[in-house]
Amino acid sequence: MDRVLWLYLGLMLSAGQVLGRADSVRIDSVKRAINRFLSDKQYAKAAQSYERLGYLYHQQFGYNKYTMDAYFNGLKYYSLAGDSLGYYQQHMVIGDYYTHDYFMQLSAEKYLNKALQYFRRTQNLPKIIECRLGLANIDQKKVPIPAGLVARLREVEQLSAANKQPYFQAFAQNLLANTYSQLKKPDSAQYFASRSLVLAKQLNVNWLIALNHFYLGIVEQFKNNPQAALKAYEQSVTLARSENNVGMLRELAKHSATSYSSMGNYKQAYEASLRALDFADEFYLSEQTKSIRLQELDSQIKTLEIEKQLVEQQSAHQRLLNTTLAIILIISVLGVVALIFLRRQQKLIAHQQSVIAQQQIRQLELKSLRAMIEGQEGERSRIARDLHDGLGIQLSRIKLFVEAHQEQLPNSVKEPLNQFLDEACTETRLVSSNLRPYTLTTFGLIPALDDLVQKLNLVNETRLILEHYGELPPLGDEASVMLYRVVQELLNNALKHAQAQQITVQIMANDETLLISVDDDGRGAEFPEVPTKGNGITNIKSRISYLGGQVMWQSEPQRGTSVMISLPMPRLLKTESIPA
């Protein structure tokens, strides 16, 4: 069955490449039309074309920043055209799109609520229904589920049916299915998922069909029918791939691992868990996803900059008024004194507002970086717990069972079986420990790095050495996790690329500064190339910069590479906690 499934997915990928070329042709055609509309100042048609362009980008690339750029351009030209309906409908489109990313839920609510207020004023019932469904889609992802969500969804479903809106009715039923599934009510979940699936097939809405198959699979798993669940997941996988829905593929892989595990197929469960991790990294760590988050923060920063410009314009206008008053009141010393005092106060206020705006911009930049790091560590921690508490326990139970019945097994089976189980348990522990180091959260940075070096020495020919000087005070959780990841990334890079015989990690600490160096005697490289290539180097620089430190590379061909990191100790002691 698995070979057939992967062969079918390969055919779907080939077909997707052909469709991708067709989408590129359509995208170029829409871009040419936009240029014509803009040259003729037909802003309403340009806005509609940008909305179409965003949809085509999503069909080709999935969740991506090009779609968001197109939607924001549509918002701009609807405003220039004076089209209020299109303008607030674009707010709703942007809000719905942001719901793909967990970290953008607040922004999604902001856009949807703004659209809902307008459509309520204009009494546009279909758009009101659509906005309410978008907000309910956000609510059903919250933990715990908000009280009254089921009642609100039932009301929207009945309203959609009464007003002959089958698409919204199917979506409402789908949200009800997921909500009941989270509330551990499989019969209700199956009822609404089945009804939604019928309507979705009639309307030929692939993403909704895929979601309903997914929820039906969850119901089958809940009823302890793992084979039926896997069959439903396979149907959903096909459609999710055609829609480039990486987030849904991640959830499908995670639930498939649970089904395989309950069937006793732990090899497939392990592979599915790894696929879930790959999909999570592909979505949350992709440049597209990061760009969308930064784009929203950049939009907020630009708003602050506009407000700052308005303040400066108001100040300039006020200064002109003050000059006029100075000419009129020049004969009065009291008036001159009052004018000078007023102007000084205005300059002080303008300066304070400028400083506040700059601080807010910096805070937004730090918030963006912190959100990215929390997303990485949180996802690693969650998957590590799933591996340890799920697959790891099952492997241990199998090993105990085999040891208890060894006398019933022939020697030709017993020894390889024990070896395979030991290797699987070791691999699971290594993956789980790599994702969430137990030593780090329990004993601190130095013991965790020592444990890391010992483990790497066991599986690599390169010799690794850890040396530390000075008393390292207890660091904040955030600083410990970040420094551990930085050293881990540097060691992995050196083991992978340096071809070194020895790698030395040195840590020196005093009351003011923490110094970390990672040196290898490998092949080295031209220095200008070292700190600019790869996402790993970018992550190292961003983490060290966030902690207020500096990182320097020194490398020459055939003379090895040296990385020196300098960090202010007081900053490391004050950082807040993030998930370990």
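Compared with the direct C-alpha span, the chain from K347 to L458 gains 33.4 nm at full extension, assuming 0.36 nm per residue.
Sorting R152, R250 by the number of Cβ atoms found within 10 Å of their own Cβ, with the fewest placed first, yields R152, R250. Max-minus-min Cα coordinates of the range 43-170 on each principal axis give 41, 31, 23 Å, with the largest extent listed first. Summing +1 for each Lys or Arg and -1 for each Asp or Glu among the other residues whose beta-carbon sits under 15 angstrom from that of S236 gives +2.
In this structure, the amide hydrogen of H468, modeled 1.01 Å from its nitrogen in the peptide plane, lies closer than 5 angstrom to those of I507, counting only residues at least 5 positions away or on a different chain.
Residues K267, K141, ranked from the fewest to the most other C-beta atoms within 10 Å, line up as K267, K141.
Near the amide H of L514, within less than 5 Å, lie the amide hydrogens of L567, M569, all on another chain or at least 5 residues away, with H placed in the peptide plane.
Sequence gap at least 6, Cα distance under 8 Å: using those rules, report the relative contact order of the range 448-516 to the nearest whole percent. 41 percent. For the range 486-513 versus the range 170-242, the spacing of their alpha-carbon centroids is 48 Å.
Packing-based ranking of 317-329, 538-550 yields 538-550, 317-329, ordered from highest to lowest mean Cβ neighbour count within 10 Å.
Among T442, T67, the ranking by other beta carbons within 10 Å of each residue's beta carbon, starting with the fewest, stands as T442, T67.
Considering Cα pairs under 8 angstrom that are at least six residues apart, work out the relative contact order of the range 155-241 and quote it in whole percent. Here the relative contact order equals 23 percent.
Since every read-out is calculated from the coordinates, none of them should be taken as a lab result. Remember, predicted model here, so these are calculated numbers, not experimental data. Virtual Cβ from ideal backbone geometry, glycine too; neighbours counted across all protein chains shown.
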